[in-house]
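Working notes, beginning with the structure itself.
The values are calculated or read from the model by the stated rules, or taken from the named source; none is laboratory data. The model shown is predicted, which means the values in this text are computed figures rather than measured ones. Methodologically, a virtual Cβ is constructed for each residue, glycine included, from the backbone with ideal geometry; neighbour enumeration extends over all protein chains shown. Areas reflect the complete protein model, heavy atoms only, side chains present, ligands, DNA and RNA absent. Shrake-Rupley method; radii C 1.70, N 1.55, O 1.52, S 1.80 Å.
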Amino acid sequence: MTKIAVCLLAYNEQEVIADVIDRGYNFLNSLNINYELWVFDNNSNDNTGSIVKELQKEKEKLNYYKQESNVGYGLNTISALKIPNADIIFVMDGDGQYSFNDIPKFIKLIHEGHDVMFGFRKKRKDIFLRKITTAIYNLFARILIKSNLTDINCGFRALNSVSAKKIVSNFKLNYIGAEIFAQSKKYNLKVGELEVVHKNRAAGDSVFNGFNLIAKHSVIMIKQLIKLRKTYLKSEEFLQK
């Protein structure tokens, strides 16, 4: 039987992490599949870790990994891709904005031959400025790294185990999606995308709130895309893939 690992990326999510874990655990149990549920904690300084450890006492398929320091979203994602022993690995934000109900659709498409699957948020529950930032990022991703994805930075992704082992990250920030896409092209992986449910944030805050922070990160995003182009897209043959 195919083994699934569902990995939640967390940082200071004490207000929501118990509910997210409960919903994920109950849904995965209902599917009657071989699975593990993971929390990859990017060195939270709140009670996220103690909450997860308490839940582990009653949930035998719940696993917890805490980074020794805050390594950034990208490298925390890489840990989620490398550490679980599974045939299909899901990586999703642990803030409760994504739905576990979308998992079976992604499993089906990977079984049908896709190596890497990206989610995209058609009905995005975020503030207007964040939506604008995403639109700009997607535009530059199409121009600079020839992305054909609707929402390259969506926090819901799935990879088969062979593909997951190939992916690396050279950036600590919140833009791992573009690296996954560029490396997927490099290795001739079959990439697909599928709409996912996106929910309102129940608690906590985002690093992207505020015009000055959004402007700053927009510049960082574009610089990263330029670096990715130089690193991975060096030939016309590659650009035409």
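Among the conditions (1) modelled with pLDDT under 95; (2) surrounded by fewer than 17 Cβ atoms within 10 Å (Cβ to Cβ); (3) closer than 25 Å to Asn174 by Cβ, the only one that Met1 does not satisfy is (3). Could you grab me the full set of residues in the stretch 8-41 that are assigned to a helix (DSSP H, G or I), more than 16 Å from Glu54 (Cβ to Cβ) and among the charged types (D, E, K, R)? Across the stretch 8-41, the qualifying residue is only Arg23.
Remark: Asn174 falls outside the filter, which requires a residue to be outside any helix (DSSP H, G or I), more than 22 Å from Gly94 (Cβ to Cβ) and open to solvent by 10 Å² or more (accessible area, probe 1.4 Å). The residues on offer are Asn153, Asn138, and the sole one that is touching a Gly at 6+ places or on another chain (Cβ under 7 Å), closer than 30 Å to Ala215 by Cα, in contact (Cβ under 8 Å) with a residue 12 or more places away in the chain and not basic (Lys, Arg) is Asn153. Within the stretch 157-195, the set of residues being touching a residue at least 24 places away in the same chain (Cβ under 8 Å), basic (Lys, Arg) and closer than 18 Å to Leu75 by Cα comprises Arg157, Lys165, Lys172. Exactly one residue out of Asn148, Asn212 is at pLDDT 95 or above, farther than 22 Å from Leu75 by Cβ and either of a type in the set (Asp, Glu) or surrounded by fewer than 15 Cβ atoms within 10 Å (Cβ to Cβ) (or both), and it is Asn148.
With open to solvent by 40 Å² or more (accessible area, probe 1.4 Å), at pLDDT 95 or above and over 15 Å from the mean Cα position of the chain (by Cα) as the only criterion, which of Lys227, Lys190 stands out?
That would be Lys190, the only listed residue that is open to solvent by 40 Å² or more (accessible area, probe 1.4 Å), at pLDDT 95 or above and over 15 Å from the mean Cα position of the chain (by Cα).
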